[in-house]
1. Just want to confirm a number: the relative contact order over region 1-144, from Cα pairs under 8 angstrom separated by 6+ residues, in percent.
2. ³J(HN,Hα) across region 13-21 via Karplus (A = 6.51, B = -1.76, C = 1.60, θ = phi - 60°), whole Hz, x for Gly/Pro?
3. Which lysines have a Cα lying under 16 Å from the Cα of K51, excluding residues fewer than 8 positions away in the same chain?
4. Say a paramagnetic label sat at a point 7 Å from the Cα of V132, along Cα to Cβ; which residues of region 19-40 have their backbone N under 15 Å from it?
5. As an exercise, use a Förster radius of 25 Å and the Cβ-Cβ distance of I99 and T60 to find the FRET efficiency, rounded to the nearest 0.05.
6. Quote the FRET efficiency, to the nearest 0.05, computed for N89 versus I38 with a Förster distance R0 of 22 Å and r equal to the Cβ-Cβ distance.
Amino acid sequence: MFQYIYVMITSNHFLRRAPPGISVHDYLARLTHHATLIPPILLSMVYYIDKLCLLYPAFTINSLTVHRFLITAATVASKGLSDSFWTNNTYARVGGVTIKELALLELEFLERVQWRIVPKPEALVEYYGNLVERSADWALEREEGEDDVEDEEGRSGGRGARDEEDEEISDEDMSDSVEDEDEEEVEQGRARQGDRGDPMDTGNAPEA
């Protein structure tokens with residue numbers, strides 16, 4: 001109960017009296033272009049939503065709060081993840097709020113997330129993979145060098161199999177060639193012995 005009251009009271013800064021005239025898609029595209037939001041920042045904004053929902057089950061985003069949430073999350077994530085970022089004056093102008101409003105939104109946001117604004121890299125990778133899997137128009141790219149490693153393993157495996165086969169064939173050929181050489185030597189020896197004749201056989205002595 002107290003958590004619900006806390007969320008309702010502190011969300012007054014994010015709450016508008018009426019939805020803005022710009023759609024969420026166009027507003028996010030505007031922020032991405034003019035505030036130079038790189039992919040890790042955009043992923044962190046999604047991460048913040050889940051983090052706030054986990055910390056405050058009563059937390060919700062609707063048409064009256066989503067725009068201010070996006071500009072605040074973009075500002076916080078840019079400062080936490082980027083080495084270079086714009087001033088609050090620029091973020092406020094791009095987001096359509098005053099500098100004072102953005103400062104109040106940023107402070108409330110930081111207090112809600114307990115000043116922990118930098119997600120772990122593996123968490124962003126997981127978020128990216130989940131978002132891609134939910135879209136039929138996108139697919140995860142293979143990591144650079146992954147195809148080369150698989151091809152190299154395939155080639156090395158093929159070479160190993162062929163080398164073993166060649167070794168077996170060469171061993172068989174070697175044994176056959178040795179046997180053939182032995183047989184040839186025996187035949188040659190018999191032939192030479194036949195030409196000389198038997199030294200104990202006088203009938204085969206050559207004429208003088």
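1. Details: 116 pairs, mean separation 41.7, N = 144.
Contact order relative to length: 29 percent.
2. Per residue, the Karplus-derived 3J(HN,Hα) values read 5, 8, 7, 10, 6, 8, x, x, x Hz.
3. Correct list for K51: K120.
4. Under cut-off, by backbone N: 39-40.
5. Numbers: r = 27 Å, r/R0 = 1.07.
E between I99 and T60, to the nearest 0.05, is 0.40.
6. Numbers: r = 20 Å, r/R0 = 0.93.
After rounding to 0.05, the efficiency reads 0.60.
Bear in mind that the values in this text are calculations on the coordinates, not laboratory data. Please read all numbers here as calculations on a predicted model, not as lab measurements. For neighbour counting, all protein chains shown are included, and Cβ atoms are generated from backbone atoms with ideal geometry for every residue, glycine included.
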